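Bear in mind that the values in this text are calculations on the coordinates, not laboratory data. Every value quoted in this text rests on a predicted model; they were computed, and no experiment measured them. For neighbour counting, all protein chains shown are included, and Cβ atoms are generated from backbone atoms with ideal geometry for every residue, glycine included.
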Amino acid sequence: MAYDRNNIFARILRGEIPCQKVYEDEHALAFNDIRPQAPVHVLVIPKGEYVSIDDFAAKASPAEQIAFIKAVGAVARQLGVADSGYRILANHGVNANQEVPHFHVHIFGGRNLGRMLPRD
Ligand code: 5GP
């Protein structure tokens, strides 16, 4: 999948659309999800142009990859969910119903999240 520079997270990174920022460093940005599905629902995104974890793993520099993992951990601690527990999740493609085609990790917490995927 080619990267779409007009996706909503690219526009947030360019400052064209506001976000409720919770963390930022050289390589990553984290902000509250606009439609939270848990008391804590934050999105962590790399600043580079990647559509998915496999794209990120293939193309991002080691420095970007290390910084991103460290950012996710730092944000979880900053949000105060490291002790009570949290879930990270990344959607990619049609079967995962990915809405925004810029790689991102969701961090959910603040309540018991149930087990894994809902059965339907
Ligand atoms: P996905 O399904 O791609 O993993 O999730 C995309 C997430 O981005 C959704 O949870 C959605 O609520 C969130 N989102 C979509 N547009 C915006 C926006 O403009 N601002 C913020 N903060 N979150 C957004």
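Listed values, structure above:
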read-out	value
Subset tally (residues that are among the basic types (Lys, Arg) and more than 15 Å from the ligand (Cβ to nearest atom)) for the stretch 77-112	2
Matching residues, the stretch 1-25, being touching a helix residue (DSSP H, G or I) at 6+ places or on another chain (Cβ under 7 Å) and closer than 18 Å to Ala74 by Cα	Val22, Tyr23, Asp25
Selection within the stretch 13-28 - touching a residue at least 12 places away in the same chain (Cβ under 8 Å) and outside any loop (DSSP other than H, G, I, E, B)	Leu13, Val22, Tyr23, Ala28
In the stretch 1-12, the residues that are free of Cβ contacts under 8 Å to residues at least 40 places away in the same chain and outside any loop (DSSP other than H, G, I, E, B)	Arg11, Ile12
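Residues are listed down the side, and each one gets a yes or a no for (1) out of contact with any strand residue (DSSP E or B) (no Cβ under 7 Å at 6 or more places or on another chain); (2) within 16 Å of Pro101 (Cα to Cα):
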| position | (1), (2) |
| --- | --- |
| Arg35 | yes, no |
| Lys59 | yes, yes |
| Ile66 | yes, no |
| Ala71 | no, no |
| Ala76 | no, no |
| Leu79 | no, no |
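Here's the yes/no breakdown for (1) closer than 16 Å to Asp25 by Cα; (2) in contact (Cβ under 8 Å) with a residue 12 or more places away in the chain; (3) among the aromatic types (Phe, Trp, Tyr):
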| residue | (1), (2), (3) |
| --- | --- |
| Ala58 | no, no, no |
| Ser61 | yes, no, no |
| Ile69 | yes, no, no |
| Arg77 | yes, no, no |
| Tyr86 | no, yes, yes |
| Phe103 | no, yes, yes |
